[in-house]
1. Scan the range 218-242 residue by residue and report those that are of a type outside the set (A, V, I, L, M, F, W, C) and under 13 Å from I161 (Cα atoms).
2. Quick check on my filter: what residues within the range 29-59 are without any contact (Cβ under 8 Å) to a residue 40 or more places away in the chain and part of a loop (DSSP other than H, G, I, E, B)?
3. Among the residues of the range 16-27 satisfying the criterion of being farther than 23 Å from L170 by Cβ and within 12 Å of the ligand (Cβ to nearest atom), which is nearest to the chain's Cα centre (by Cα)?
4. Would you be able to tell me the number of residues in the range 41-75 that are under 19 Å from Y108 (Cβ atoms), of a type outside the set (A, V, I, L, M) and within 12 Å of the ligand (Cβ to nearest atom)?
5. Scan the range 163-174 for residues that are touching a residue at least 60 places away in the same chain (Cβ under 8 Å) and out of contact with any Asp or Glu (no Cβ under 6 Å at 6 or more places or on another chain) and report the count.
6. When only residues in the range 179-218 that are among the polar types (S, T, N, Q) and closer than 15 Å to D232 by Cα count, which is least open to solvent (accessible area, probe 1.4 Å)?
7. Quick check on this structure: which one of E96, E114, E176, E109 is charged (D, E, K, R), surrounded by 15 or more Cβ atoms within 10 Å (Cβ to Cβ), farther than 17 Å from Y235 by Cα and in contact with a strand residue (DSSP E or B) (Cβ under 6 Å, 6 or more places away or on another chain)?
8. For V156, are the conditions met, namely being farther than 27 Å from P121 by Cβ, in contact with a helix residue (DSSP H, G or I) (Cβ under 7 Å, 6 or more places away or on another chain) and buried (at least 20 other Cβ atoms within 10 Å of the Cβ)?
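The values are calculated or read from the model by the stated rules, or taken from the named source; none is laboratory data. The shown structure was predicted, so the numbers you read here are calculated from the model rather than taken from an experiment. Because the Cβ atoms are built from the backbone with ideal geometry, glycine has one as well, and the counts that use them run over all protein chains shown. Each accessible area value is taken on the protein alone, full model and side chains, heavy atoms only, with ligands, DNA and RNA left out. Shrake-Rupley method; radii C 1.70, N 1.55, O 1.52, S 1.80 Å.
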Amino acid sequence: MPPSAAPSSRSSNVDPAELAKFQALAARWWDPESEFRPLHEINPLRLEWIDARASLAGKRVLDVGCGGGILTEAMAQRGASVLGIDLGERALQVAELHALESGAAVDYEQVAVEALAQREPGAFDVVTCMELLEHVPDPESVVRACAMLVRPGGWVFFSTINRNAKAFALAIVGAEYVLRLLPRGTHEYEKFIRPSELAAAARRCGLEAVEVTGLTYNPLTRRYRLDADDADVNYMMACRRTDPLGALDR
Ligand code: SAH
C-alpha cells in the first residue's frame, strides 16, 4: 500500500516500503504479544535511561517516528508534555485512540521531522528518535532536523542498530529467523549505523554525543537489559545540542 499523501514537500526522506511495513501492522501496536513486543519490553528500560538524564517532568518533548505511542505515552506519564510525530497515518490513528482511553497528555501530528524543524526550531527541551534511523533513506537529515528542533543545551536521544557481523547474526538472523521476535524483513543490514557514524553525524549537526548504552537480549531468560559495555547490536545514544539557535537553521 502506498504511503498516505505526503504532508509537505519536505517529506521526501521516506522509504514507502518501510512505511508500508508498519502501516500493515498498525492495529497491533498496543498488543504486548504482537510484533511490537520487543518495543513494549524495552520501553521501561529506555524510559528510565532518558528520564535519568533529561528529567522529563515539566519538559516539552518531541518523539520522532513515534509509531503507536508506546514511548510517547510513557514519557507523558512522567510529567512531560509530548508531541509524537510519524508519517504512518494508521499508527497515528491508533496512538490517538489509545491516548483518549489512557488520558495521556500527548498530541500527535503527521508531519515530516524536517518540515517541523522549519516550523518550530528550538521548540523542544528533549527530542527522542527511537528505532527510526535504520528505516529512512537519509538518516543524517533526521539527525539534523532533531538537532534543529531541540533548544541549545537540550537533549536528543537516538536508538538504532550497530553494523557488524554480530549485529547481522543477532538482529537479523536471530531475531527474525530463529527466535522470530520480529517479522522477516523488518531490518536491512545495510541500513544499520555504527555508534561512531552516528556520533560523527551528530557532531556535524551541532550535537555532542555524550553517552552510549547497549540494549541486550538474553534468549534464555527472554529479558532485555541495558549494558553500557555492549553496544554491539542494539544501542541508544544521548546527545546534547551545543550549537546556538540559528546556527543550524539554514
Ligand atoms: N519510535 C517508536 C516506533 C519505532 S518503529 C518506538 O520506538 O516505539 C518505526 C516507526 O518509524 C514506525 O512508526 C514508522 O511508521 C516510522 N517511520 C518509518 N519511516 C519514517 C519516516 N521517513 N518518517 C517518519 N516516520 C517514519
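1. Answer for the range 218-242, where residues must be of a type outside the set (A, V, I, L, M, F, W, C) and under 13 Å from I161 (Cα atoms): D230, D232, N234, Y235.
2. Passing the criteria: D31, P32, E33, S34, F36, S55, A57, G58.
3. It comes out as L19.
4. Count: 9.
5. 4
6. Here the answer is T213.
7. E96
8. So V156 fails the test.
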